[in-house]
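Every number here is computed from the coordinates shown, using simple stated rules; none is lab data. Being a predicted model, the structure only gives us computed values, none of them experimental. All Cβ positions, glycine included, derive from the backbone under ideal geometry; neighbour counts span all protein chains shown.
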Amino acid sequence: MAEVHLSKIVKRYGSLEVVHGIDLEVAHNEFVVLVGPSGCGKSTTLRMIAGLEEISGGELKIGDRVVNSLPPRSRNISMVFQSYALYPHMTVRENLGFGLKIAGMTPEDIKPRVDEAAGILGLESFMDRLPANLSGGQRQRVAMGRAIVRHPDVFLFDEPLSNLDAKLRGQMRVEIKKLHQRVKTTVIYVTHDQVEAMTLADRIVIMRDGYVEQVGTPTEVFENPVNTFVAGFIGSPPMNQLDGVVENGAARLNDGTLVPLPEDIAARLSDGQKVVVGFRPDAFAPKGHSLHPEDRSIEISLPVVISEPLGTETIIFTEFGGKEVQAKMLDPRPLNDGETLTFTLDLERLHVFDGETGKSLRA
Ligand SMILES: Nc1ncnc2c1ncn2[C@@H]1O[C@H](COP(=O)(O)OP(=O)(O)OP(=O)(O)O)[C@@H](O)[C@H]1O
Ligand SMILES: [Mg+2]
């Protein structure tokens, strides 16, 4: 069993603290993704788990063992990095087996492990090629194969796909997901790409400035973001967030629009209080082109600033509440810039945040 337990994990470089006491429980065979903007401490956290970075405070357990002071090789983990430098003068087969050879395994023991990994990753027909004669995606698979042959308890990935172009990244994302179905292992995966996080993770850990902001399944963090940061980070296009002031159970936006707030939330607010009203682009659609047309909503006439036709939907940029917001038009028709449309704002799917703290006001 290889659960990973982080308890009050701290990282300091000299007097500079960059990870501030993180708690996290990763279950056996769970796929957990750490996501957050550049510099938030994802790699540092992963490297502490790997043993490549000293832990300044707190306790790290893998399975039942406290591993704080164990060297990387004694932790039974495998790590795949963004820059996965393969040995250029070795064939794929030699690259896959090299780590095992160094660890003192015999060729007879290495061969079945290498063949198994090659089978899992579909590398069988490339085994005698040099890395220079492989595509980027094939090289990436060899890098993963090197990690798989070691039969680790825990896989650690640090942005393994960010060197690949968008299309290949999408394909490899699916491969990694299938790989996890076949080779059930505990995985901790770092990315700054929220789409990658949403598609791969059993649970997502959203980090900011060395703190964990929220932990949850992709659905939980999407539907119930705990604050404006998570709301803006998860989801594409991002959630629209408009400043408002409470007035009689509604929020008065900067352009004067009154948006009725959910009753349970309004009951806890007093007039004059600052709030942020959030709604995803698909809760804000031209009339007749929305996801839930039967829902309670208000109508607002607004001009199209620009539109992005994406085929099955069109993203519309418009100005509302004193800000640029994005709307999603399903079953779209061609639009002209400057054209005025009636938008429906779905009141059932409003998010309301405290205007001072940014915290969600959902019960
Ligand atoms: N050796 C170091 N000395 C001082 N500060 C460091 C050192 N290594 C990292 N940091 C700082 O620690 C913070 C976290 O860095 P980290 O590499 O973990 O970020 P990240 O979330 O992985 O970002 P990215 O998405 O850019 O890879 C950053 O502010 C970084 O500048
Ligand atoms: Mg990093």
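For the reader, a short list of remarks on this structure follows.
- Taking amide H as placed 1.01 Å from N in the peptide plane, the amide H of MET207 sits under 5 Å from that of VAL35, GLY36, GLU213, each at least 5 places away or on another chain.
- Amide H within-cut-off set for ALA250, under 5 Å, with H built and near neighbours excluded: LEU261
- Taking a straight line from the alpha carbon of LYS177, these lysines sit under 19 Å away, with near neighbours fewer than eight places off in the same chain left out: LYS167.
- Fewest-first sequence of GLU3, GLU356, GLU308, GLU294 by Cβ atoms within 10 Å of each Cβ: GLU294, GLU356, GLU308, GLU3
- Full-extension gain in nm, LEU52 to LYS111, via 0.36 nm per residue minus C-alpha separation: 18.4 nm
- Positive-end residue of TYR211, SER43, PHE98, charge dipole of the stretch 4-232 with Cβ unit charges: PHE98
- Dipole magnitude (debye, nearest 20) for the chain, charges at Cβ of Lys, Arg, Asp, Glu: 1520 debye
- Placed amide H near VAL275: partners under 5 Å, 5+ positions off or other chain: GLY244, VAL245, VAL246, GLY355
- Restricting attention to the stretch 4-232, close to 55% of DSSP beta bridges with both partner residues there are antiparallel.
- Where N is the number of residues in the chain, Cα Rg divided by 2.2 N^0.38 Å: 1.19
- Part-to-part distance (alpha-carbon centres) for the stretch 79-107 and the stretch 192-212, which is given in Å: 29 Å
- Fewest-first ordering of LYS8, LYS274 by other beta carbons within 10 Å of each residue's beta carbon gives LYS8, LYS274.
- Under Karplus coefficients 6.51, -1.76 and 1.60, residue-wise ³J(HN,Hα) of the stretch 345-362 in Hz, glycine/proline x: 9, 6, 6, 6, 10, 7, 10, 10, 10, 5, x, 8, 9, x, 6, 4, 9, 5
- GNM top mover of SER78, SER307, SER125 - the chain, alpha-carbon springs below 10 Å: SER125
- Charge tally around LEU164: other residues with Cβ under 14 Å, Lys/Arg +1 each, Asp/Glu -1 each, net 0.
- On full extension, the segment bounded by ALA267 and LEU130 gains 42.6 nm, given 0.36 nm per residue less the C-alpha separation.
- Across the options PHE317, LEU168, LEU302, the greatest Cα extent toward the positive end of the charge dipole of the chain (unit charges at beta carbon of Lys, Arg, Asp, Glu) belongs to LEU168.
- For THR228, THR312, order by how many other beta-carbon atoms lie within 10 Å, fewest first: THR312, THR228
- Calculated FRET efficiency for the pair SER15/ALA103, C-beta based, R₀ 45 Å, to 0.05: 0.70
- The residues neighbouring ASP115, those whose beta-carbon lies less than 10 Å from its own, together hold a net charge of +1 under the Lys/Arg +1, Asp/Glu -1 convention.
- Placing +1 on the Cβ of every Lys and Arg and -1 on the Cβ of every Asp and Glu, with nothing else charged, gives the stretch 237-354 a dipole about its Cα centre of roughly 80 debye.
- Within straight-line reach of LYS8, meaning a Cα separation under 16 Å, sit the following lysines at least 8 residues removed in sequence or on another chain: LYS42, LYS61.
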